[in-house]
Number of protein chains: 2
Amino acid sequence: MPNNAKLLLTTQQLNWLNDNLANKVPTEARQLLNQLPAEDIAHLLESSPPKHRSVLWKLLDSSLEGAVLSALTEEVRQFFIESMNVAELAQSLSDQDSHDLADILTQLPDTIVSKVLDCMTSRDQMRVKQVLSYPEGTVGRLIDTNVLSVNPHLSIQTVLHYFRHEYEKTHHLLTPLDEIYVLNEVGVLIGVVPYAVLLSKPADCLIVDVMKIEYFVFDVLTKQQEIITTFERHRFVSAPVIDSNKKFIGRLTIDDVMSLIREEANNTVLNMAGLDDCQDAFASAWKTTKSRSIWLGVNLLTAFLSSSVINFFHDTLEQVIVLAILMPIVASMGGNAGCQAMTMMLRLIAQNQVTSGNIRWLLGRELQVGLLNGLIWGSIVSLLIWFWFSNLLLAGVLALAMLINLSIAVILGASIPSLLQYFKVDPTVAGTVILTATTDAVGFCCFFGLATLFFR
Amino acid sequence: MPNNAKLLLTTQQLNWLNDNLANKVPTEARQLLNQLPAEDIAHLLESSPPKHRSVLWKLLDSSLEGAVLSALTEEVRQFFIESMNVAELAQSLSDQDSHDLADILTQLPDTIVSKVLDCMTSRDQMRVKQVLSYPEGTVGRLIDTNVLSVNPHLSIQTVLHYFRHEYEKTHHLLTPLDEIYVLNEVGVLIGVVPYAVLLSKPADCLIVDVMKIEYFVFDVLTKQQEIITTFERHRFVSAPVIDSNKKFIGRLTIDDVMSLIREEANNTVLNMAGLDDCQDAFASAWKTTKSRSIWLGVNLLTAFLSSSVINFFHDTLEQVIVLAILMPIVASMGGNAGCQAMTMMLRLIAQNQVTSGNIRWLLGRELQVGLLNGLIWGSIVSLLIWFWFSNLLLAGVLALAMLINLSIAVILGASIPSLLQYFKVDPTVAGTVILTATTDAVGFCCFFGLATLFFR
């Protein structure tokens, strides 16, 4: 394999390498590591405990540091940025993509930001400042400004000549993706020409005659969720971005959208389990404890709420001690049924599929599901309890409590995400805790309430 | 807007349209609907309750049916396939992509499959049969065979002439993505040439001199998880696929990988909540109940397990009734801490980041986190309980139970996913239920066991 080529490894090979780099002599490990593409090095760093990380980082050529920093997730990047001095950092970052760089710079204190900018050409500085001028979570933060635009009155032949001339001058290839943009004299986008068209259509055709005039443009302020659903639906590879004056300012490419999808998916799973979505999985025990303990604290509050509900029925409980044995059943069935309904709604919301027209249908369907499952499992449970404790009244109370609790739980589960969204709270973060608190409280109220009614 | 162009709408516009199509006169609604791209129509169908769906489907031009069926998710597609007659279905499917079609055909009974194949050219038949010959969940099922390959000894000029000649003959453009493949005389892949190279480098260069000889190839049997992590890490737009004899058989494109990512992400979230990942979100109440009730049944079993543990300590409970009031606290804190650890491990496993080298570090860190959180929240809880019930012994028992339970819970949460994976069980499906069952049982055992020890 030639020396300037990058080793492309499968994930398995990469993980093997990670476990065995430590056993190599440093010069060999250094050579192996620096042969890898920046993304693979980032994977190795992200999959390593802190001590191993520092060792790997020291083995890394300083010329690769910038690219590796760009490829790292925010949290792991922070780990290394803290250990670098400003000059080193500025140097290693200065030749990164404008939007990768903007992403990194938002993490840094202002003094370092200005030092990094000082190391760049004024054109690159302008690009980064432009990207930083758009709010986080919008298309603007992701635009790739390194694109080619042409005049509509050129021929394909002329455009190709221009590309080849540029290449001979600068030895820079065209960007690999996937179309060029046609602008009028004031910079307004009027068409796109896929590379495939440039390669297939007769060379004497004019751009204006071969350009696609129907295409999807993103406004620079389009939100992340809309970007994802649009790219997924239309299977775009890239899409042009315009500003509020309809002027072309760059494009959005699928690799960045893929990162957004991954991020959004991870955040949903992590948030629902009460994990900080920015937490490095290999953080120290103390950092991990801090980030997780908040959620446990919130959970403790809701557990105390349940306890007070039970305490409220203290007298009933004292008389019918078996209620204490059965109460986990009602609460856990309600919690689970509610969680099913909520998870379904969260997915629908994430895919932009909930509309004012179908939400009523969905809630109605959920209520039916809750009633049906309540009937099914309520009957089964009451039979089991009847056999276990030979107490028909107890069995009936439990069945009825389960029917009511399951029906309320699914309605709560299905409506909490939309309600939270309406109040601009992230439903993946707050949904689970609110749902558990309410289904537990409702479940215990039903069960003990009915028991008080029938047993005393 | 010209008549042959497709309207590209934002998701918001699309949802508005969906809510208002029903109010339009049918001819107008039909016209609006059939102007949309197939993917948008699929979105409308997927976001609609069954009745609305049937209305929309009837408005659809039969020429669009195949493309819309391909764009639908499996479950919603099934809904329509059941309503179509075989001839209609075979006709509408016959001109779809080979791997889209293979995907659909696996859903259909054999008699219909052969009818659909009969409607196709023998070349297309062969392609579909080839795709179907690979196991589900491998690259083979996703390959795009509609690609161009060239001889290494041609010049760029000659290749461009060939493209243009082909276009003039067939009026088919090159596929929009992103490189052509260079094969030797026996069909073995020896290089790739990005479109950008064809457009930038001097026209008299030979392919063999400009082709990239370092690239990532997928074996046709590569598994889905490895596809995803590799595409994400290297930000590929497409990648060539070879068979076991190193022969080139097609390529994998990013749009299909993006669907895989979405699918995998959705499945994780849905499975963890005990939802069937193949369930149509707008299925009828009865179908939904059936698919959800299995999980509730499993959950009921684990709830009975908890009840039996409590029942085992019946005598203690009778003497110290306040234990019943406090027991939800121990169980829910353990469940939550375990769930945090498990979710983190599931993410790491999905990203192929767990290795034999780092798992011990991770488990050790988790144990520390469990102990720390157990100390923190155990102390806080015991203080609260002391104030509430003025019973120092009770407070101490609860704190100790929480410390033990939290420590065991995080170790369980962190190790269950890897254990399940080792036994080839999907950890996202079985993880939650096993974790809840064990943390509840362990929690109640600790709490009541300690109480029995100290109070009797």
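Values in this text are rule-based calculations from the coordinates and carry no lab data. The shown structure was predicted, so the numbers you read here are calculated from the model rather than taken from an experiment. We place every Cβ from the backbone using ideal geometry, glycine too, and count neighbours over all the protein chains shown.
Ordered from longest to shortest, the equivalent ellipsoid semi-axes for segment A:236-282 are 32, 12, 9 Å, each the square root of 5 times a Cα gyration tensor eigenvalue. In percent, rounded to a whole number, the relative contact order of chain A is 11, using alpha-carbon pairs under 8 Å and six or more apart. Approximating the spin labels as points 7 Å out from Cα along Cα→Cβ, the A:Glu263-to-A:Ile294 distance works out to 1.8 nm. Averaging over all projection directions, the Cα-based convex hull of chain A occupies 30.1 nm² in the image plane. Distances from A:Phe389 to itself in the other copies, using label points 7 Å out along the Cα-Cβ axis, amount to 2.1 nm in increasing order.
For B:Arg456, the point set 7 Å out from Cα toward Cβ sits 2.8 nm from its twins in the other copies, listed from shortest up. Across segment A:149-272, Cα-Cα pairs farther apart than 18 Å form 59% of the total.
Compactness of segment B:11-133 is given as radius of gyration and Dmax, 15.1, 47 Å, from Cα positions. Mean projected area of the convex hull spanned by the Cα atoms of segment A:95-184, taken over all viewing directions: 7.3 nm². Placing a label point 7 Å from the Cα of A:Ser308 along the Cα-to-Cβ direction, no residue of segment B:287-325 has its backbone N under 12 Å from that point.
A P(r) calculated from all alpha carbon pairs of segment A:298-354, with 5 Å bins opening at zero, reads 4, 15, 15, 19, 15, 11, 9, 5, 4, 2, 0 percent.
Percent of Cα-Cα pairs more than 12 Å apart in segment A:347-391, please. Roughly 70 percent, rounded to a whole number. Altogether, the Stokes-Einstein calculation at 25 °C and 0.890 mPa s, with the Kirkwood radius of segment A:370-444 over Cα pairs as Rh, returns a diffusion coefficient of 183 µm²/s.
If you model the protein assembly as shown as an ellipsoid using its alpha carbon gyration tensor, with each semi-axis the square root of five times an eigenvalue, the axes come out at 53, 35, 25 Å, biggest first.
Segment B:196-343 gives an Rg/Rh value of 1.27, both radii derived from C-alpha positions and Rh following Kirkwood.
Within the same chain, aspartates and glutamates fewer than 8 places from B:Lys290 are excluded, and of the rest, those with a Cα less than 19 Å from its Cα are A:Glu366, B:Glu74, B:Glu75, B:Asp276, B:Asp277, B:Asp280. Cross-link partners of B:Lys246 among lysines, defined as those whose alpha carbon lies under 25 angstrom from its own and excluding same-chain residues fewer than eight positions apart: A:Lys6, B:Lys129, B:Lys212, B:Lys223. If you keep only loop residues by DSSP, which trypsin sites (Lys or Arg not before Pro) in segment B:17-88 have at most 11 other Cβ atoms within 10 Å of their Cβ? Here no loop site has a sparse enough neighbourhood. Ordering A:Lys201, B:Lys424, A:Lys223 from the fewest to the most neighbouring beta carbons within 10 Å gives B:Lys424, A:Lys223, A:Lys201. The share of C-alpha pairs in segment A:285-455 whose separation exceeds 19 Å stands at 59 percent. The calculated FRET efficiency for the pair A:Phe423 and B:Asn151, based on their C-beta separation and a Förster distance of 60 Å, comes to about 0.40.
Taking 18 Å as the straight-line reach from the Cα of B:Lys51, the lysines in range (excluding those fewer than 8 positions away in the same chain) are B:Lys24, B:Lys287.
Between copies, B:Thr73 shows label-point distances of 2.5 nm, shortest first, with the point placed 7 angstrom from Cα along Cα to C-beta.
Peptide B:42-54 is shielded by partner chain Cβ atoms: per residue, an average of 3 of them sit within 10 Å of its Cβ.
The loop-placed GluC sites (Glu not before Pro) in segment A:55-153, going by DSSP, that have at most 15 neighbouring Cβ atoms within 10 Å of their Cβ come out as A:Glu82, A:Glu136. One Cα centroid belongs to segment B:293-339, the other to segment A:345-417; the line between them spans 21 Å. Helix screen, chain B: DSSP H segments with Cα axial length of 20 Å or more and mean Kyte-Doolittle hydropathy at least 1.0 are B:322-350, B:359-389, B:392-422, B:427-455.
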